[in-house]
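Structure record follows, encoded as structure tokens.
Every read-out reported here was derived from the displayed coordinates using simple, explicitly stated rules and does not represent laboratory data. Bear in mind that the values here come from a model prediction, so they are computed numbers and not experimental data.
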Amino acid sequence: MIKKQNLWFLTLFSLILVLSVYYLTMPSSLFTTNNGKNVEEKNVSIEESEILTALRIESEDERTAMRKEFNMILTNIEASVEDKNNAFEQLKLLDVIKGREEELEQLVKEKYKLNSFIKIDDNQIRIVVASDKHTTELANNIMRSIQEKFDDKMYISVKFQV
């Protein structure tokens, strides 16, 4: 039987090995600098997908912090069995919610041909849609499509982002 300490060591060692192989196989042109040459300034514009990506990253950071907190409870020797069970259930719930959000984003993409970000908090669903069209009819149709996937009444908000 492998001990937890040995398993962690092997996992971290494997990760370091993979990263070092990746580093060694990267082209050397990525590491060169411009050596004082003038660099042209470029205008940066934010695209629709970048806004959605930023929202996804923010959401993932929140979930990572929550996972870390729950994992600390799970690995704490002094924590009660009830606390550990609650932490484990919360970890499972985080995964279920993330899967549900991805499923709903895919629904909006397939049905309305729109990129979106969906965040579920209890019975509230926040939808950010990357679209130039800002019609109440489209928002109502999206809300109905999302509500059909739930048995309970959900409070759904749709925001259009240009």
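Between (1) 57; (2) 31; (3) 45, which entry matches percent of Cα pairs over 25 Å apart as derived from the coordinates of this structure?
Computed from the coordinates, percent of Cα pairs over 25 Å apart corresponds to (1).
Could you pull out the pairs from Lys119/Lys153; Lys92/Lys149; Lys3/Lys68 whose alpha carbons sit more than 18 Å apart here?
With Cα atoms farther than 18 Å apart: Lys92/Lys149; Lys3/Lys68.
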